[in-house]
Ligand code: NDP
């Protein structure tokens, strides 16, 4: 048999042909393929087994109708999905997203990235993602409950503690997980750790709420420490004001940084004095309990609010995008560089366009891709699964230490493949590290 080598353009053309119109999925694969294809070509055992081709095809996609009645008695119809992407190294694991922008392309991109991210955590978890185009914003608690119950009535057939363990993501927080788990338990007549991100009263883990944001900032601190620097005294720009953004802000403040901005889909606030822990408590209450708009922060504390804008024009040394995909364009990246940015760590999934990543690399800005820097959330979800199956609960201190150790392991793996020449390319580092474990497992299974 001839040794097979892959060409990036040819590979991408084939992928685009097989997955027409799925632009987010194309973008996510392209980002990996740029670095993985040279790696695969250097390691022919992977190319010969067509592993990249197999890894870019999900194991299966489940798509279903979700009907529910709103408070006025109108019948509503949404579409639900679960993309079970790859379970080579463990049960499918990944969040559920409820947002009007959810479609098959978005969930395939998220599921694909999740496979590598979960592998990087060193825990035995495969990758998956799911959700619906349902918009929880503006819905009553009862409407959200009815939607979640209807969604789970189908989903429960496809998940389980050893099969597929969903968690939260955009639009799916503690409230939604409670409704989903309640319905799952009712249908299965079993109490198992099938969902993570649960409340503490019914099997949740300490630190899970904080884990993605904290982990992102731990990763940032590790990158800076590796350069002999730290977050102390740095000016930080954060996008988003949801779960990930809130706890990224909290940890950045605790490590001595000054957080200048937070945002939501309406715009961003710019607090030149810095967001203190007290002001952050207002944001957490505003966004999590009262479900209000970030503009209320500007009214309360008398700072600037920029409607319809993202915060990347604000001068800073550190950027933490924590809202959603594709929030940093090439122009944004150039502005950040001009204003003196030294490092960026993604709390969100794929917030940076590929061309913008190239701008950061060309200017030697430290850039941590989400699959490395935001893996803390799924890592603690993995620890929640372990606690559930052993029926034990670890302490906050123990879990925080485990989270730090996992982030440090991920950082080390990135250095292994991405270090050299005095600059660490974390993209080059993260992909092969995540890829090798999954690829080796798939090789061992033969052609399946
Ligand atoms: P939340 O729903 O808690 O918060 C999302 C935040 O992003 C909100 O402030 C929301 O604003 C804003 N946002 C959403 N869509 C847009 C948009 N199109 N334009 C501008 N702002 C937007 O979600 P999370 O904090 O959980 O997730 C944020 C990101 O982190 C996502 O990319 C997610 O995939 C990623 N992530 C999350 C993990 C977790 O553990 N939760 C784990 C790993 C990654 P508004 O309030 O107006 O809707």
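The values are calculated or read from the model by the stated rules, or taken from the named source; none is laboratory data. Being a predicted model, the structure only gives us computed values, none of them experimental. Note: ideal-geometry Cβ built from the backbone for every residue, glycine included; neighbour counts use all protein chains shown.
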Taking the stretch 121-140 and the residues there that are in contact with a helix residue (DSSP H, G or I) (Cβ under 7 Å, 6 or more places away or on another chain) and surrounded by fewer than 24 Cβ atoms within 10 Å (Cβ to Cβ), the one that is nearest to residue 381 (Cα to Cα) would be 123
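Each row is one residue, and each column tells you yes or no for (1) at pLDDT below 95; (2) touching a helix residue (DSSP H, G or I) at 6+ places or on another chain (Cβ under 7 Å); (3) more than 13 Å from the ligand (Cβ to nearest atom).
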{"residue": "168", "(1), (2), (3)": "no, yes, no"}
{"residue": "172", "(1), (2), (3)": "no, no, no"}
{"residue": "180", "(1), (2), (3)": "no, yes, yes"}
{"residue": "183", "(1), (2), (3)": "no, yes, yes"}
{"residue": "188", "(1), (2), (3)": "no, yes, yes"}
{"residue": "199", "(1), (2), (3)": "no, yes, yes"}
{"residue": "205", "(1), (2), (3)": "no, yes, no"}
{"residue": "208", "(1), (2), (3)": "no, yes, no"}
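Out of 181, 202, which single residue is crowded, with 18+ Cβ neighbours inside 10 Å, in contact (Cβ under 8 Å) with a residue 12 or more places away in the chain and farther than 22 Å from residue 347 by Cα?
Numbers: 202 fails: crowded, with 18+ Cβ neighbours inside 10 Å.
Every option except 181 fails the conditions.
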Scanning the stretch 243-260 residue by residue, those in a loop (DSSP other than H, G, I, E, B) and either in contact with a strand residue (DSSP E or B) (Cβ under 7 Å, 6 or more places away or on another chain) or crowded, with 24+ Cβ neighbours inside 10 Å (or both) turn out to be 257
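Every residue, every condition in (1) more than 26 Å from residue 107 (Cα to Cα); (2) touching a strand residue (DSSP E or B) at 6+ places or on another chain (Cβ under 8 Å); (3) modelled with pLDDT of 95 or more; (4) assigned to a helix (DSSP H, G or I), yes or no:
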site: 37; (1), (2), (3), (4): no, no, no, yes
site: 41; (1), (2), (3), (4): yes, no, no, yes
site: 54; (1), (2), (3), (4): no, no, yes, yes
site: 61; (1), (2), (3), (4): no, yes, yes, no
site: 64; (1), (2), (3), (4): no, yes, yes, no
site: 67; (1), (2), (3), (4): no, yes, yes, no
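Is it the case, given these coordinates, that residue 131 is within 16 Å of the ligand (Cβ to nearest atom), in the same structural domain as residue 76 (by TED's automatic domain parsing), under 30 Å from residue 293 (Cα atoms) and in a helix (DSSP H, G or I)?
Numbers: within 16 Å of the ligand (Cβ to nearest atom): yes; in the same structural domain as residue 76 (by TED's automatic domain parsing): yes; under 30 Å from residue 293 (Cα atoms): yes; in a helix (DSSP H, G or I): no.
Judged against the criteria, residue 131 is not a match.
Does residue 263 satisfy being in contact with a helix residue (DSSP H, G or I) (Cβ under 7 Å, 6 or more places away or on another chain), assigned to a strand (DSSP E or B) and at pLDDT 95 or above?
Numbers: in contact with a helix residue (DSSP H, G or I) (Cβ under 7 Å, 6 or more places away or on another chain): yes; assigned to a strand (DSSP E or B): yes; at pLDDT 95 or above: yes.
Criteria met by residue 263.
Scan the stretch 358-384 residue by residue and report those that are in contact with a strand residue (DSSP E or B) (Cβ under 6 Å, 6 or more places away or on another chain) and within 16 Å of the ligand (Cβ to nearest atom). Write out each step before concluding.
Residues of the stretch 358-384 in contact with a strand residue (DSSP E or B) (Cβ under 6 Å, 6 or more places away or on another chain): 360, 366-368, 373, 381.
368, 373, 381, listed by residue number.
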